[in-house]
Amino acid sequence: MMEKLQQAQQEMEERKTQLNHVLLDEKSPDGSIEVEISANAEIKKINFSKEIAEYDAEELEDLLILTLNKAIERANTTKEQELARVAQSSMPNIPGFN
């Protein structure tokens, strides 16, 4: 049983590392900001369209916060789903993991 738990823990750690390479894109509602984020919620890139120059500082801040929060939420959801899948496949007969 202990060996099975150690193996499952190792698989979880490996999957967490792999999630650094799972990249997700999120765009602002108007498409002026695009964020690339890893499934471990590490911001990789932020792109701004030329139209962003038309916004004042407050509008830009609101759009950026909205887009970053959506990206982080999506990354967290993806990570939770992936780790749950690993847990399910690693420990299918342990109560509380299915």
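The values are calculated or read from the model by the stated rules, or taken from the named source; none is laboratory data. Every value quoted in this text rests on a predicted model; they were computed, and no experiment measured them. All Cβ positions, glycine included, derive from the backbone under ideal geometry; neighbour counts span all protein chains shown.
From the list A39, A75, the one residue that fits, being aliphatic (A, V, I, L, M), crowded, with 17+ Cβ neighbours inside 10 Å and touching a helix residue (DSSP H, G or I) at 6+ places or on another chain (Cβ under 7 Å), is A39. All of K45, K79 fail the test of being of a type outside the set (F, W, Y) and within 10 Å of the chain's Cα centre (by Cα), apart from K79. Is it true that E82 is of a type outside the set (F, W, Y), part of a helix (DSSP H, G or I) and surrounded by 15 or more Cβ atoms within 10 Å (Cβ to Cβ)? Spelling it out, E82 is indeed of a type outside the set (F, W, Y), part of a helix (DSSP H, G or I) and surrounded by 15 or more Cβ atoms within 10 Å (Cβ to Cβ). Residues in segment 31-55 that are over 23 Å from R15 (Cα atoms), modelled with pLDDT of 95 or more and of a type in the set (D, E): E34 only. Those residues that are of a type in the set (D, E, K, R), at pLDDT 95 or above and surrounded by fewer than 16 Cβ atoms within 10 Å (Cβ to Cβ), I need them from segment 4-29; list them, please. The answer is D25, K27. Among the criteria (1) more than 15 Å from N69 (Cα to Cα); (2) not in a helix (DSSP H, G or I), the one D25 does not fulfil is (1).
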